[in-house]
Amino acid sequence: MKTGKLILYSIVVAILAGVVVLVTDLIQMTGFVTGKASLTFITFICWASYFLVGGTLKAAGKAFLGFIVGIISAILMFLLVTAFAGAGMDVLIIAIPLAVVIIVPFMCLAEKAGPFNNVAAIFAGTGMFFGLMGIPDIAATGYAMVGIGQLVYAFIGLLAGWITVAIRVAIEKSAGKSVEKNLGA
């Protein structure tokens, strides 16, 4: 892409980023999940993930399914840690590592689970959930609400990735038409 078109593309993507932040801020202001903490970082992680998983709607759909499996995996780890701690196990030394050792094989085995087989997205979904649960105002809303919130913000990020590709394609096509017009085609 020529520099002029790249500058245009960069400006349009910057505007898109501003709109994404505005939308996520407006969602937060409604009190969805919580009005006291932002989930916008999930949107930007998933925006980048769109390109990392292949930059197509089909790949984004599989990533979204992977995020769901990741959320479920994280919740199962939290439940196991709670159970192990209730049984008197030290949380940091035994309960958390043991929960991870028990759940991670199932996360990896999802490679054989058809549309849920994006293991990288599963781990990303688990990691994002852990990150959200580390924010007290978000964690206080409960596992289900955190998971739903994560998926809503993930969807916005994946959508932003798709829009970014559409913008680039449109700008590149307009560059091609300009070249054809200048060549007399």
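No lab work stands behind these numbers, since they all come straight from the coordinates. Predicted model, so just to flag it, every value in this text is computed and none were measured. Neighbour counts run over all protein chains shown; Cβ positions are idealised from the backbone, glycine included.
Worth a mention:
- Label-point separation, Ala48 to Thr82 (7 Å along Cα→Cβ), nm: 3.1 nm
- Rel. contact order, % - alpha carbon contacts under 8 angstrom, at least six apart, segment 3-183: 36 percent
- Gyration tensor over alpha-carbon atoms, the chain, equivalent ellipsoid semi-axes in Å: 39, 20, 11
- Computed about the Cα centre, the dipole magnitude for segment 3-183 is approximately 640 debye when only Lys and Arg (+1) and Asp and Glu (-1) carry charge, each at its Cβ.
- Charge dipole (the chain, unit charges on Cβ, about Cα centre) - positive-most of Ala99, Val152, Leu16: Leu16
- Rg and Dmax of segment 55-132, Cα atoms only, in Å: 13.7, 47
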